[in-house]
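Scroll down for the structure; my scribbles are underneath it.
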Amino acid sequence: MACLSDETWVSSMLSKRLSIQEGKEDGVKEEETTNSFASDSTNFPFEKVFPVYAMGFLKPESDPVLLPADSRDPIWDAVREEAKIEAEKEPILSSFLYASILSHDCLEQALAFVLANRLQNPTLLATQLLDTISNVIMKDRGIQHSIRLDMQAFKDRDPACLSYCSALLYLKGYHSLQSYRVAHVLWNQGRTVLALALQSRISEVFGIDIHPASRIGEGILLDHGTGCGCR
């Protein structure tokens, strides 16, 4: 995956500093040059730390379907709070937790980011997967409901699930279920080739084979699931 090279970014920032210095020597107002530098210096190369869409999501093809702005999302609130606590306990994970959870506005965006990075390969890029997964999840109220009920099921019934945050980040049973839900929507939309490609990646990465035409309910706990097949 392409990232900004150190040389490119350093060269850009050095040239900006030089142009500001020249401006000062030519009598340009200090306030204007300071503001110009401050504006550009905020463009930190997040791709170096968070290679996939660190600057946010592409605008969806149509307006997303989300919970009302004034409604509470206790599961997402819990995920964020747990991530903050874990970042304080384990500073080495702070960048990972920020990229995966704390930089996002909702559970749907965070889940799309996690799944895209888990399912990517050299020819099926994380950026492409992120577009596809986010466009499905952000527009489907049923999936938005299911991902929360599934997460609650893991938290309540799996002794190995220490927190909502751990289900989102680490548990392949949860990841495979949510990836299947995306593939199922694509299958029903007639995008069968892409749905089957996702099924193949889910099987390769998680060891769980769920056909995208399968019908699965919600509030599901799939514990480990290695070798599991659903048709």
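Brief remarks on what is shown
- Looking only at residues of the stretch 156-186 that are closer than 24 Å to Asp131 by Cβ and of a type in the set (D, E, K, R), we find that the one that is surrounded by the fewest Cβ atoms within 10 Å (Cβ to Cβ) is Lys172.
- Meets criteria (buried (at least 17 other Cβ atoms within 10 Å of the Cβ), assigned to a helix (DSSP H, G or I), β-branched (Val, Ile, Thr) and within 12 Å of the chain's Cα centre (by Cα)) for Ile101: yes
- Qualifying position, being surrounded by fewer than 21 Cβ atoms within 10 Å (Cβ to Cβ), among the β-branched types (Val, Ile, Thr) and assigned to a helix (DSSP H, G or I), among Thr127, Thr123: Thr127
- Residue in the stretch 125-146 that is without any contact (Cβ under 8 Å) to a residue 40 or more places away in the chain and within 18 Å of the chain's Cα centre (by Cα) present: yes
- Restricting the stretch 187-215 to residues that are in a loop (DSSP other than H, G, I, E, B) and open to solvent by 50 Å² or more (accessible area, probe 1.4 Å), the residue that is nearest to Leu119 (Cα to Cα) is Arg191.
- Looking only at the stretch 143-155, residues that are within 14 Å of Leu107 (Cα to Cα) and open to solvent by 20 Å² or more (accessible area, probe 1.4 Å) come to 4 in all.
- The residues in the stretch 159-186 that are touching a helix residue (DSSP H, G or I) at 6+ places or on another chain (Cβ under 8 Å) and assigned to a loop (DSSP other than H, G, I, E, B) can be counted, and the count is 3.
The values are calculated or read from the model by the stated rules, or taken from the named source; none is laboratory data. It should be emphasised that the depicted structure is a prediction, and the values quoted were computed from it without experimental measurement. Positions of Cβ are generated from backbone atoms using ideal geometry, with glycine treated the same way; all protein chains shown enter the neighbour counts. Quick note on the areas: whole protein, heavy atoms, side chains included, nothing else; ligands and nucleic acids left out. Shrake-Rupley method; radii C 1.70, N 1.55, O 1.52, S 1.80 Å.
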